[in-house]
1. When residues of region 295-332 are filtered for being in contact with a strand residue (DSSP E or B) (Cβ under 9 Å, 6 or more places away or on another chain), of a type in the set (Ser, Thr, Tyr) and either assigned to a helix (DSSP H, G or I) or crowded, with 21+ Cβ neighbours inside 10 Å (or both), how many remain?
2. Hey, which of the strands (runs of 3 or more DSSP E) in region 201-294, taking only ones fully inside, have at least 1 residues that are open to solvent by 70 Å² or more (accessible area, probe 1.4 Å)?
3. Here are GLY196, GLY170: which of them is part of a loop (DSSP other than H, G, I, E, B), open to solvent by less than 10 Å² (accessible area, probe 1.4 Å) and under 30 Å from LYS10 (Cβ atoms)?
4. Kindly indicate whether any position in region 265-282 is over 16 Å from SER125 (Cα atoms) and of a type in the set (A, V, I, L, M).
5. Of all residues in region 61-91, which are assigned to a helix (DSSP H, G or I) and open to solvent by 30 Å² or more (accessible area, probe 1.4 Å)?
6. Are there any pairs with C-beta distances below 6 angstrom linking a residue in region 120-131 that is open to solvent by 10 Å² or more (accessible area, probe 1.4 Å) to a residue that is part of a helix (DSSP H, G or I), with the two at least 6 apart or on different chains, and if so which?
7. Among the candidates VAL278, VAL216, VAL317, VAL325, which residue alone is closer than 22 Å to SER12 by Cα, more than 17 Å from the chain's Cα centre (by Cα) and modelled with pLDDT of 95 or more?
Amino acid sequence: MNIALIGYGKVSHLHAQAAQQSGTLVAVCGRDRAKAEAFAQQYKIKAYTDVAEMVAAENVDVCVVCTPHPAHREPAVAALEAGAHVLVEKPLASSVEDCDAMIDAAKRSNKFLGTVSQRRFYDSSTRVKQAIDDGKIGRPALGEAQLLGWRSKEYYESDPWRGTWEAEGGGVMVNQAPHQLDLLLWYMGEAESVFGVWQNINHPFIEVDDTALAIVRFKNGGLGNIILSNSQKPGLYGKVHIHGQNGASIGVQTDGGSMFVAGQSTIQDPPVNDLWTVPGEESLLAGWVAEESAKFQAVDNMTYYFAEQLREFCEAVGEGCAPAVTGEDGRRVVQLFQAIYESQRTGAVVKL
């Protein structure tokens with residue numbers, strides 16, 4: 001399929017490399033002609049400043065949106081209306097309103113809308129989902145999502161949009177934590193209500209949250225706990241653990257050590273299952289960790305999982321079926337962190 005990028009920032013380079021593994025990268029679009037031309041020259045593709053023009057001229061099948069979060073809506077809708085399917089970098093948007101506009105545009109255009117959540121494609125993450133679907137832990141009763149990372153002053157100064165409500169749309173909940181929030185919702189199901197708080201602990205030079213906590217009640221009757229922070233130097237881990245009604249617990253450590261920053265650092269540790277007490281399967285954990293660690297070393301771990309999701313998205317488009325991570329999935333993550341912000345403002349439980 002013909003794939004085009006919208007946006008030419010740091011993460012766009014990873015998506016460009018992933019697109020070259022998954023299809024034919026044909027073009028990039030951005031507001032700044034000079035920056036778009038420079039990016040295009042690097043990947044030997046065409047540069048555009050108008051989305052609709054690009055989609056038509058290059059016969060684009062799939063657009064990947066890599067602009068800052070509050071700027072996802074406009075180019076995504078334009079690409080959908082021009083006839084392309086659209087995969088949007090996480091989070092889908094910084095507001096539910098923008099999510100709904102993109103979802104509505106996809107429905108009107110009869111095109112597919114997806115959200116980048118490449119951590120779903122980790123073997124350790126899919127193993128947790130499969131165990132839940134197979135009934136190995138009974139009803140998922142308690143879910144925990146933790147992200148204890150670090151973002152430096154240099155990180156926030158690396159792009160002018162970082163750390164502001166207007167240009168980034170939020171802090172750790174909006175930028176770093178959507179992966180863990182997505183997995184939590186994937187495992188536990190839709191959230192029913194949430195009570196949350198946030199603070200800025202040690203980043204006085206930004207406007208937004210660097211730490212957030214929440215208690216969630218899910219529609220399946222289960223409960224959840226969320227602890228997110230960018231204030232632990234140099235970064236500890238990101239984990240999602242699920243405890244079942246039958247007493248068994250399973251989980252994945254999606255991130256370990258110093259957190260990956262696109263264009264600035266690499267992924268430090270392999271994603272692994274770090275918790276597994278399913279009766280009769282406890283001894284399998286060490287083997288899974290060894291397998292995942294070996295795979296992590298064998299592939300280009302910076303782009304491999306982006307390519308896996310993009311490949312799946314293109315296959316879904318070709319088969320005419322919904323992708324693994326839909327626009328609605330992305331909307332649920334945005335609805336959750338938006339509810340935490342609202343709970344902080346009101347001091348009350350927010351129903352979703």
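1. Going through region 295-332 one residue at a time, the tally reaches 0.
2. On the way: elements: 211-218, 223-229, 237-244, 249-256, 272-276.
Counting at least 1 such residues, we get 211-218, 223-229.
3. Working: GLY196 fails: part of a loop (DSSP other than H, G, I, E, B).
None of the others qualify; the one that does is GLY170.
4. Filtering region 265-282 for residues over 16 Å from SER125 (Cα atoms) gives 265-268, 279-282.
Within this subset, residues satisfying the condition of being of a type in the set (A, V, I, L, M) are 267.
Taking every residue of region 265-282 in turn, at least one turns out to be over 16 Å from SER125 (Cα atoms) and of a type in the set (A, V, I, L, M).
5. PRO70, ALA71, ARG73, GLU74, ALA78, GLU81, ALA82 - these are the residues of region 61-91 that are assigned to a helix (DSSP H, G or I) and open to solvent by 30 Å² or more (accessible area, probe 1.4 Å).
6. Between residues of region 120-131 that are open to solvent by 10 Å² or more (accessible area, probe 1.4 Å) and residues that are part of a helix (DSSP H, G or I), the close pairs are PHE121/TYR305; PHE121/GLU308; PHE121/GLN309; ASP123/GLU292.
7. Within the list VAL278, VAL216, VAL317, VAL325, the selection yields VAL317.
Quick grid of which residues meet (1) more than 18 Å from the chain's Cα centre (by Cα); (2) of a type in the set (Asp, Glu); (3) within 26 Å of VAL252 (Cα to Cα):
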residue: ALA141; (1), (2), (3): yes, no, yes
residue: TRP150; (1), (2), (3): no, no, yes
residue: PRO160; (1), (2), (3): yes, no, no
residue: GLN180; (1), (2), (3): no, no, yes
residue: MET188; (1), (2), (3): no, no, yes
residue: ALA191; (1), (2), (3): no, no, yes
residue: PRO204; (1), (2), (3): yes, no, no
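The values are calculated or read from the model by the stated rules, or taken from the named source; none is laboratory data. All values reported here derive from a predicted model rather than from experimental measurement. Here Cβ is always computed from backbone atoms with ideal geometry, including for glycine, and neighbour counts include all displayed protein chains. All accessible areas refer to the heavy atoms of the entire protein, side chains included, with ligands and DNA or RNA removed. Shrake-Rupley method; radii C 1.70, N 1.55, O 1.52, S 1.80 Å.
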